[in-house]
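One structure is given here, and the rest of the page talks about it.
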Amino acid sequence: MSGVERVKIYSGYERLWHWVQAGSVMVLLATGLEVRGVVSVLGFRGAVRLHEVMGFFLIGNAFLGLFYFLTSGAIRQYVAAPRDFATLAVRQVLYYARGIFRGEPHPVERTPRARLNPLQKIVYVGILNVLLPLQILTGLAIWGLERWPGVERAVGGLDVLVPVHALGSWLFATFVVAHVYLTTTAGRRPLSGIRAMVTGWDEVEPHPAPTGKEVTP
Amino acid sequence: MRLPAGPVVALALGALVGLAHAGSPMHPDVPLLDTEGNRVLETGKPVSPVRTCGQCHDAEFIEGHDFHATLGFDERKAPGTVPGGRPWDTSAGPFGRWDPATNRRLALGDETSFDLGVADWIRTVGLRHVGGGPARLGESGKPLGSESGSLPETHALDAATGRPVRWDWAASGTVELNCFLCHVAGARDDARRATLAAGRFEWAATATLAGTGLVAPAADGTYAYVREAFTRWGATDRTRMPLGRPTAAACGACHLDVVEGPVPVGAVEAARPRDPRSGGQVFSAQRVSDSAWNLRDKERRTHVFDVHAERLVGCTDCHHSLNDPARFVEADVSRPRHLAYDARRASVGEFVRRPSHDLAKGTSSRPHAASALDGTMRRCDACHDVLEDHGRWLPSARRHAQALSCEACHVPEVPAAAVAQTDWTVLDAAGRPMVAWRGVSGPVDDPASLVTGYQPVLLPRKESDGRTRLVPHTLETTWTWWGGSPERPVRPFDLRAALLAGPGVHHRDVLAALDVDRDGSLDPSELRLDAPAKVAAVRARLEAVGIERPRIVGTIEPTGLHHGIVSREATRSCEACHADGSLLARPFEVARYVPSGATTELVADARVWLAGRLVAGADGSLVYEPSPKEAGRYVLGHDDAGWIDRLGLLLLVGTALGVAGHAAARALAARRARRSS
Amino acid sequence: MRAKALALLVSLVVLAGLGFAWLAAPGGEAAPPRDDPRAHLPAFPAPTDHAAFFTAPFADGPSVTKACLACHEGAAKEVMSTTHWTWDGAHAKHPDTGADVPLGKRTAVNNFCIGIAANWKRCTSCHVGYGWKDDGFLGRAGPVDVDCLVCHDTSGTYQKDPVGAGAPDPDTDLLAVARSVGRTTRASCGTCHFKGGGGDGVKHGDLDETMYFPQERVDVHMGRHGLRCADCHRTEHHAVKGRLMPPTEDLGTRVACADCHVDRPHGDARLDAHTATVACQTCHIPEYAVETGTKEWWDWSKAGRDGDPEAVAEAVREEVLAGGEAAKGVPPRILHGLRRVGTDPDLRTHYDKKKGLFLIARRQVPEYRWYDGTTARHVPGQRYDGPEPLPMNEPQGRPHDPRARIWPFKVHRGRQPFDGQDHHLLVPHTHGLGGYWTTFDWEKALRTGAAASGIPYSGTLDWISTAMWWPQNHMVQRKEKALRCADCHGTGGRMDWKALGYPGDPAVGGGRVQVGLVDGATEGAK
């Protein structure tokens, strides 16, 4: 244990936002399954209402998060791209494919100022800026069928809206599986990632002698 | 519910045809006149309602504005030019349109193979006709029986030879528009029908008064007048012949199953509906649990048959005379948008003098009959504020109202039997077609048969506001033989000649082909052409009696269900539609069995269509599987997203597997590393 | 600190979001107040087994009461302050003399057995005490004269001697009865109230011996739900709630459907609107005397004939139907009923030499009157010069009073002794030595009765037709059997709208508020 540093890596709000987002998404996925008729727990009416409530909840949480990230500057985590971004991305992929089995260290060091590796940046930006807005917009269109009939007509009806919303939900579900797993690749122990997102503290091993290969984004 | 003492049948008939009511207190005593305008008490001739009632009411106007009288006769066209009709149809109404279920063909101007003359029509199909129109006048406009007339007008079918034979109109007389049938409370429709069936057409109106005590049947089928029953001045009085607005029971003489009064539904006629085209709809204020039917789960069904009947809404409250000042509403096409209600009305006197008998009609599923009257009836939303009530508990209430008719939820089931299939391809020993019923297991005339009722099928229908809504229907399939050149339906006479060797006995070829258990007679399970050999045998017989190239044609006819409305028992749960077993996709048996090699399709003149597939059922039946998507509706909770769901599932499962594999590999690698270090 | 503030902000947004979503989503079903009648049933203490308390046999009724009072000290005094003991209800001022006249059973005149004066030994067999054999009983009776057992027996073996002035039947095993005492049952009340008027189901129309263990189709409260009388007729300190046609509204002592049921329980706006005009009983008691016939007509004037009762009944019936003297004063409704005897299985006649001719009917449609809770009670001894029938307890109420409702009544009609000179009802001495039932001498009976009741007899006997209204409260049917629209409205309905004061059928012409009948319409405006 000696030499292990504890670094505050996630702020209180970031953690709160993350778990609220995660919780909402899980509830939305579950109620969404019931709305689609796959399971039956709350009844159709109950599932639809809970889905709608959690949807607005998620929208609120997402906007607040956006506000926070913009004003606190945390948005830099997502958008800052070093010049050798592509190289690093490839290195990250190779790490997952090969290096991790060999016990190699992470190619990209994680610091509080730069928490995300390139792959994460790609995925999270995609999730937060493409998939989430798409889900929100299609979800709002389905919720507002009766009060904005023009919207439904313009996009081609429920025949288009529901499949798109469904595809988004499948992608979200896939993301959840992959994301939860990949958190086990960060940190000293498999659950370190989850623990860090709960407590905010990450345990960082002492740096080995510089080889010249590390990068600090 | 106790049955009254005394003969049930007589009481039941009286109750069925008209609950005794006082009639209008304003109607004066009426002298009954014959066709020449003389009092019948003096001449002894049949009563002429047109002359009698025409003393005050404009009978010519009435008969000219009465689809019940004309039945399409005044809109007749050349055969083959009727929209949605057959090559031999001359009108879209019951007079001139071939009805597959009765399989009798009356074709004016198309005298290929004579089946029904007008006189025959009156005695069969026309038993449900109020008289006047084609039962009185010929195509030329002159009364039937005058010199010029087409073959069907002058001749009738000889039941022995199958050839036309002259009909003596002078002896039978014609059928006048029968005001008494609808407007006299307690009118005796059974006596009227018996008189018509016997060929005594001119006495039909007189027979209708059989229950009033004013007339007594004479030995020769005519009627004699009971002088003592008339007033001092030879007129009727209100207590004997109560005259007034038609009651629901009056309409129920022909339409639906209307039961008023204390006698339970089904006490007289077992499970067979009085109106075979009704789809089993019952218009009655009785509770289903109080009916006399052997109905499954009857005790649970404590709701009334029809909530409007319970609340004293009568037929004429919705199906009102189009110029009734109390109910008149100007058509939407001409009414200015700023006028919700135009208070200017005709006076009651004008109405009583010249009441139009064109009645308000909804958006029928078979629109071409009386098409000018289509959509003249107020719909549910004219009286009920749908959004006010449903908006409190139903999400997207307006959207539901745009996609579904009110009946879709408010007629969730029909607790009665209805005709499912009529098979004219074979006849039983008595020469009748095989009729299969839905909603009852066992013979429909046996009071002990279990009535299960049935759940209607929802068909998309284009409504007058341009929207397509799902409306509950029942579907009846009829299988008939067509043949000859030009191709026409094979007459029942020819069918009997082909299939029966004599009364009550089948032809030996038919027996040979159909008698599976070799007991010498054909029971109902054998009377079906479910194998090519059987079809061939019957076809051979038909060809032997001279029918060229006979083939089997199937017809599916939809009957919209708009009565039998329930209120609290309406479909309310979301999962009824928004779940896997959605009733919007519930399969509906269309045909009990399909004769070998035959196909069937929906009639061409329907405003509804089958949005789905017709598939063969396991037991040889034909089943309609509706598809809401084909009807243009995506149903949340029921419909799937097609390939997207499959792709998504693949992605998810693939990722999960990949993740599992990766984790396993890591674990292995870690263990190996530990061992080596 | 910043994190905390942001967390707070997030929580606020969460709440706002939830609220917005909740408002945006369609509301839940507008729930009317749920009808939960069971919640209003009185709670009774757990019963105590009295078997161990009594071991020695009892000599007579008062001995048992003494034993009861050893523990239940105030019970007898409580009973003695109630109407069950005093047989004294409201009082009225005699319209002619101005005297204060009690209207209770002790002094009332009805058109059944007419009055208890001089007939105490028979009539008080249904008194909740022992020994009321003469006029002075109430003055001298003490607590031990209260009969605890008649109500609290649960063995079913307790019987009162029918002519014993309230004493138990000599064969009754009082010890066994005493050991069985417990909460009152339907039999406790029914043993007297089902047999009023001298036989099973004679009097009320809605109370007869089928109510001991009724089937559901007789009464839904007692048949399906097993309720006992005391569940609705709440009793505190032995004062039982429930009044039959008192002169004033006397609300605190009445039983009402609303004691357990909510005002608008139907779940249907149209039906709920009827509660402003129609009493619950009207729709939910479609007919009375569901199983056992009840008396519709009691003609004392035909009493005294010898012979086989069936033959005499038929003979009297034919006399009445033939018209003339025998038919004098017989109302048309009764004549119509007599005519249908023989063809209508629900109607029959009965003749008793002591009492006269009865018409007994089953499954009858009630007569409907406005009733605001008050009654015009005929005062015993009051002079009556009006037309027949003499109304003994006419229900008051007009459509103009928003508190009045349309109620169902069984009307018992009769023909009874009337003073030909002074025009008042007479009370005959019927039971006992010298009474009409032994002597068949009206003069003697009426003289003795006059002396006992205080209502004078001038010597001129006449007969008068009377009518007595009995509101129907029991034999409530299950809701599926309630009256429906066509039962009252439309042609063939059972309501006589003109007689009720309406210009026409309110279903098509508007209710009493709309047609301007109701004074100051605020309540009941729907």
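Evaluated with a Cβ-only charge set (Lys, Arg +1; Asp, Glu -1), the stretch C:181-266 carries a dipole of roughly 140 debye about its Cα centre, given to the nearest 20.
If you take the alpha carbon atoms of the stretch B:515-661 and fit the smallest convex hull around them, that volume is 257 Å³ per residue. Cross-link partners for C:K77 among the aspartates and glutamates, with Cα-Cα distance under 17 Å and sequence neighbours closer than 8 places in the same chain left out: C:D88, C:D145, C:D147, C:E236. For chain C, adding -39500 (n - 2.57) for each run of n ≥ 4 DSSP H residues and dividing by the number of residues yields -6500 deg cm²/dmol at 222 nm. Whole-Hz Karplus values for the stretch C:131-145 come out as x, 7, 10, 8, 5, x, 4, 4, x, 10, 6, x, x, 6, 8 Hz, taken residue by residue from phi with 6.51 cos²θ - 1.76 cosθ + 1.60 and θ = phi - 60°; glycine and proline positions read x. Under a Cβ-Cβ cut-off of 14 Å, what is the net charge of the residues other than C:T184 that fall near it, where Lys and Arg count +1 and Asp and Glu count -1? Neighbourhood net charge equals +1. Mind jotting down the distance between the C-alpha centroids of the stretch B:605-645 and the stretch C:213-235, whole Å? Here the answer is 53 Å between Cα centres.
Among B:382-393, C:365-376, C:306-317, what's the highest-first ranking by average C-beta atoms within 10 angstrom per residue? Working shown, then result.
Values: B:382-393: 13.1, C:365-376: 19.0, C:306-317: 14.6.
Those peptides, ordered most packed to least, come out C:365-376, C:306-317, B:382-393.
Averaging over every viewing direction, what projected area does the convex hull of the Cα atoms of the stretch C:100-212 cover, in nm²? Don't jump to the answer; show the numbers that get you there.
Values: hull surface 31.2 nm².
Averaged projected area of the stretch C:100-212's Cα convex hull equals 7.8 nm².
Normalised by the number of residues in chain B, the mean separation of alpha-carbon contacts (under 8 Å, six or more apart) gives a relative contact order of 12 percent.
For the peptide A:59-66, the mean number of other protein chain Cβ atoms found within 10 angstrom of a residue's Cβ is 3. Using a cutoff of 8 angstrom between alpha carbon atoms and counting only pairs six or more residues apart, the relative contact order for the stretch A:86-163 works out to 21 percent. Ranked by how many other Cβ atoms sit within 10 Å of their own Cβ, fewest first, the residues B:M26, C:M222, C:M495 fall in the order B:M26, C:M495, C:M222.
By the count of other C-beta atoms within 10 Å, a proxy for reagent exposure, B:C380, B:C406 are ordered fewest to most as B:C380, B:C406. Within the stretch C:288-327, which residues have the backbone N less than 18 Å from the label spot 7 Å out from C:T343 along Cα→beta-carbon, could you tell me? Only C:317-323 pass the distance filter. For chain B, the fraction of alpha-carbon pairs lying more than 50 Å apart is 18 percent, rounded to a whole number. Mean residue ellipticity at 222 nm, helices only, chain B: -6000 deg cm²/dmol; runs of at least 4 DSSP H residues each add -39,500 (n - 2.57), and the sum is divided by the number of residues.
With only Cα atoms counted, the stretch B:530-612 has Rg and Dmax values of 19.6, 59 Å.
Compared with the alpha-carbon gap, the fully stretched path from B:D619 to B:L650 is longer by 7.4 nm at 0.36 nm per residue.
Protection proxy ranking, highest mean first, for peptides C:137-143, C:239-245, B:196-202, C:289-295: C:289-295, B:196-202, C:239-245, C:137-143, where packing is the per-residue count of other beta-carbon atoms within 10 Å, averaged. Approximating the spin labels as points 7 Å out from Cα along Cα→Cβ, the B:T81-to-C:V508 distance works out to 4.6 nm. Across the protein assembly as shown, Cα-Cα pairs farther apart than 57 Å form 46% of the total.
Among the lysines of chain B, pairs at least eight places apart or on separate chains and with Cα atoms under 28 Å apart come to 6.
Relative contact order, percent, of the stretch B:418-626 when contacts are C-alpha pairs under 8 Å separated by at least 6 residues? Before the final figure, lay out each step's value.
Values: 372 pairs, mean separation 48.9, N = 209.
Reported as a whole number, the value is 23 percent.
From helices alone, chain A scores -19500 deg cm²/dmol at 222 nm; the rule is -39500 (n - 2.57) for each run of n ≥ 4 DSSP H residues, then divide by the residue total.
Counting partner chain Cβ atoms within 10 Å of every residue's Cβ in A:164-175, what's the average? Can you show the working numbers first?
Details: counts 2, 2, 7, 7, 2, 4, 10, 4, 2, 6, 10, 3.
Per-residue shielding by partner chains comes out at 5.
Between C:D88 and B:D389, the simple spin-label model (points 7 angstrom out along Cα→Cβ) gives 5.8 nm. Counted over all Cα-Cα pairs of the stretch B:71-176, pairs farther apart than 16 Å make up 53 percent. Here each label is just a point 7 Å from Cα along the line to Cβ, and for B:R467 and C:E236 those points are 5.7 nm apart.
Report note on the peptides B:408-417, A:186-195: ranked by the mean count of other C-beta atoms within 10 Å, highest first, their order is B:408-417, A:186-195. Taken residue by residue and averaged, Cβ atoms of other chains lying within 10 Å of the Cβ of A:177-184 number 4.
None of the figures in this text is laboratory data; all of them are computed from the coordinates on show. All values reported here derive from a predicted model rather than from experimental measurement. With ideal geometry, Cβ positions are generated from the backbone for all residues, glycine too; neighbour counts draw on all protein chains shown.
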